[in-house]
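Enquirer: Questions regarding the structure given below will be posed in turn.
What follows draws every value from the coordinates through simple rules; no lab data is involved. Just so you know, these numbers come straight off a predicted model, no measurement behind them. Positions of Cβ are generated from backbone atoms using ideal geometry, with glycine treated the same way; all protein chains shown enter the neighbour counts.
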């Protein structure tokens, strides 16, 4: 079954038959499995080369178990378009775990366009893990726009540490109202001829709003990365931080552009960025403990991405 192939690749077979777990499994442009629980509505619609999904978490609903989404392609070539419209209503709380799985891809284009609205005092957590083939034949282009109402909390993590990246071009913007909090994190391991582009922007518009943008990228062989992280603080007493770290090995190349704009005298935003090879002191310590150099470098990189 297509569901089994995708879940086996993502190591998630234990939840396939759990009736207490909400889930939606999509292979290319078909819904191959779904399950709902009280408090959430998921309304999929098949479109050309993809799926449109309306996701609603009802006002005051607290979902104790994560909702599982699986977007994948089990063929070697395909175009997959995913459109998501998510509304997390006031005082609701939900955690989503999304696996994007392309186990045999040679020429796959995965487009995602998401609009997310998080209501007053609502919490929305989204963890997205990508599992790619070793061929580098995947292009991933996600674009996300997020609106946080007063007191809302939004946390998103993007992780691609298994399989070749291919091309990934992340573009995400979050607008923060008063007392809201955003946390956006990306962890990507690039090798071969991989190309990684990350554009994250946070608008701290509300009083006492807070935001952190974090990027962790490791590059080897001829991989390339361009990181653009930006926080604009206009809200009174808003606070923000941009943190980008990249490890570069072999003939890889990287650039990091942290941008901070403060337009209110009571706001405060900081940034830090570092690009370079593995830390020499860490490397020396691991070598002194008997690890080979390649093993030590791998351990340092995995520590960066953990």
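Enquirer: Given points 7 Å out from each Cα along the Cα-Cβ axis, report the residue 289 to residue 236 separation in nanometres with one decimal.
Expert: Distance between label points: 5.1 nm.
Enquirer: Quickly work out the residue 20-to-residue 79 label distance, labels modelled 7 Å from Cα along the C-beta direction, and quote it in nm with one decimal.
Expert: Taking the two extended label points, one gets 4.3 nm.
Enquirer: Along the Cα-to-C-beta direction of residue 173, a point sits 7 Å from the Cα; which residues of region 184-207 have their amide N less than 18 Å from that point?
Expert: It comes to 184, 198-206, nothing else.
Enquirer: Something else now. With an 8 Å Cα cut-off and a minimum separation of 6 or more residues, compute the relative contact order for region 57-199 in percent.
Expert: Computed over region 57-199, the figure is 20 percent.
Enquirer: Continuing with this model, one more query. From the Cα gyration tensor of region 56-124, with a ≥ b ≥ c the square roots of its eigenvalues, which class applies: rounded if a/c is under 1.5, or else prolate if a/b is larger than b/c, or else oblate?
Expert: It comes out prolate by the Cα gyration axes.
Enquirer: Which semi-axes, in whole Å and largest first, does the equivalent ellipsoid of the chain have when worked out from the alpha carbon gyration tensor as the square roots of 5 times its eigenvalues?
Expert: 30, 28, 17
Enquirer: 222 nm [θ] for the chain, helices only, -39500 (n - 2.57) per DSSP H run of 4+, per residue, to 500?
Expert: So the helix-based figure for the chain works out to -3000 deg cm²/dmol.
Enquirer: Give the calculated FRET efficiency between residue 52 and residue 199 to the nearest 0.05, with a Förster radius of 25 Å applied to their Cβ-Cβ distance.
Expert: The computed FRET efficiency comes out at 0.55.
Enquirer: Per residue and in cubic angstrom, what volume does the convex hull of the Cα atoms of region 19-103 have?
Expert: Hull volume over Cα atoms, normalised by residue count, gives 77 Å³.
Enquirer: Sticking with this one: Could I have the simple spin-label model distance between residue 30 and residue 145, label points 7 Å from Cα toward Cβ, reported in nm to one decimal?
Expert: About 3.3 nm separates the two model spin labels.
Enquirer: Oh, and also: Can you sort 269, 118, 104 so the residue with the fewest Cβ neighbours within 10 Å comes first?
Expert: Ascending number of Cβ neighbours within 10 Å: 104, 269, 118.
Enquirer: What is region 2-278's relative contact order, in percent, from Cα pairs under 8 angstrom and six or more apart in sequence?
Expert: In percent, rounded to a whole number, it is 10.
Enquirer: Moving on to the next point. May I ask you to list the residues of region 174-201 whose amide nitrogen lies under 18 Å from a point 7 Å from Cα along the Cα→beta-carbon direction of residue 261?
Expert: Residues 174-177, 199-201 qualify, since their backbone N sits under 18 Å from the label point.
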